[in-house]
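S.K.: The structure is given below, and queries will be raised subsequently.
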Amino acid sequence: MRTRRMLVANERGSTLVLMAVILFATLALAGFAIDLASLRSARSEAQRAADAIALAGASAFRDFPPSAAKLIDSVQGRSLDMARQEMVRADTLDIRSAVRSTVNRPFGTVYTVRVASNDIELNIIPHPDSQKVRAWVPHAGVATFFGGLLGVPYGHVQAKATAWAANDAPTVNCLKPFLIPDMWHESSTAQDKNANQYMEPGGTSPGGGGGSSTGEQWLYEPPAKGGSDYYIKYDPAHPDPQGRAQTGYGSGRLTYGDDVGLPLLLKPQTGKNQRQGNSYFTLDGPLNNLRDNIKSGCINASIGEVSDIADSPGGQTGQARQGIQYLYDQDPSATWNQTTKQVERTDPKYGDWTKSPRVILVGLMDPKYIQGNSKNDKPDPNATFDNFARLFIKDRPDNSQANGDNISAIFIGFAPGGGGGSVAGTLVKQLQLIE
């Protein structure tokens, strides 16, 4: 009996031992959960950084043509500039000593960028059918709580993101109130005087209503109108779909290749003949007059959508000039560099040249909508947006000078896209994360 009592007495500490084991296991699980949450948080931060880096780099494909001399430099520069602003676990990504190398693949050249710290790696794929930027953001040294007790004081995370500039965004989100005919093949040497398929309006006399042009004036005269002109919209995915060269902006002129840098007169003063190829038509906008629409208006439009032509059939020359003057004066030092094919010397407050007020978006339409019009008339009522072009305002219009009402611009590429719409547009690019 006494022996049994002693055995019972000896078991009094077993509960304490068991509770200690349970407490230790609970703390271990809590520590493991904390470690896991910390690693997941670090992984999320790395993924956010990778997404931003890939999108920033891919934006160069949206803003530059494939032939641009500085395209790859711009992709790399934008990616690394964004990486410099990103952090993982309060650690800034180290992008110093970046080295770029190339690898030839069956689909084309792949550019790889690595930094000495291994904080980021980029793959740049500039193939016309697959313009992608892939970013890896590895991050070692994420401190652990319970892992340190097991000899693993740090964890490692890695994130990957791929972005591309896809030709599938038919909507633009900030269009200026201009609609111009897309470029066509002009068969008449009386109109295309040097047969270079580039319209050169030349000088015109000053003044509002009349004036004579010393350069070329094109009229769209297809076979239905007794001529041999034709129009084929630019589409890089389907070259020469009708056995004839494409003619729309982007398809290339003899002098300018892909048309980037092609000068044009958005509004040439050639009397009242509104059928000239470069001449614009005014779109209705959210404000009350053309001048303010140009200064601060922002029109959303989609390819295939019927354009909202303003009620006034005229060019509203004075208001157009004043609106363009205002945009020019916001960034007067900006210039176009035809060698690098980009806008340079923009005001630093705009961040990059694509944000300059002198870089604008305009609508393009099939020239068939102006083939049957009389002088000083609007396009056909069912005129639709065929594409969208990005222009750089070249000179400041000044009607105190000869030809001062002319609005000169430079075609600088394809319009960046927004979202929505049902019809794809070949000149419009949209940034998308695909991985």
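S.K.: At most 16 other Cβ atoms within 10 Å and a DSSP loop assignment: could you name the chymotrypsin sites (Phe, Trp or Tyr not before Pro) in the stretch 46-122 that fit?
M.R.: 107
S.K.: With 10 angstrom as the radius, rank 216, 344, 121 by how many other C-beta atoms surround their C-beta, starting from the fewest.
M.R.: 344, 121, 216
S.K.: Structure shown: which of 132/355; 70/225; 70/160 lie over 32 Å apart, alpha-carbon to alpha-carbon?
M.R.: Going by Cα-Cα distance, 70/225 fall outside the 32 Å limit.
S.K.: May I ask you to derive the FRET efficiency for residue 116 and residue 89 from their Cβ-Cβ distance with R0 = 22 Å, giving the value to the nearest 0.05?
M.R.: Computed FRET efficiency for residue 116 and residue 89: 0.65.
S.K.: At a Cα cut-off below 16 Å, give the aspartates and glutamates reachable from residue 341, other chains included and same-chain residues fewer than 8 away excluded.
M.R.: Those aspartates and glutamates meeting the cut-off are 63, 73, 258, 259, 352.
S.K.: Additional query: Compute the length gained on full extension between residue 73 and residue 256: take 0.36 nm times their separation in residues and subtract their Cα-Cα distance, giving the result in nm to one decimal.
M.R.: 63.7 nm
S.K.: Mind checking which aspartates and glutamates have their C-alpha under 16 Å from residue 193, skipping anything on the same chain fewer than 8 residues away?
M.R.: The qualifying aspartates and glutamates are 216, 221, 229.
S.K.: Using Cβ counts within 10 Å as a stand-in for footprinting exposure, how do 295, 341, 225, 70 rank, fewest first?
M.R.: Lowest count first: 225, 70, 295, 341.
S.K.: Once label points are set 7 Å from the Cα along Cα→Cβ at both residue 20 and residue 289, what is their separation, rounded to one decimal in nm?
M.R.: Going by the 7 Å Cα→Cβ label model, 9.0 nm.
FYI, it's all coordinate maths here, none of it is from the lab. Quantities reported herein were computed from a predicted structural model and do not represent experimental measurements. Cβ coordinates were reconstructed from backbone atoms using ideal geometry, including for glycine residues, and neighbour counts include every protein chain displayed.
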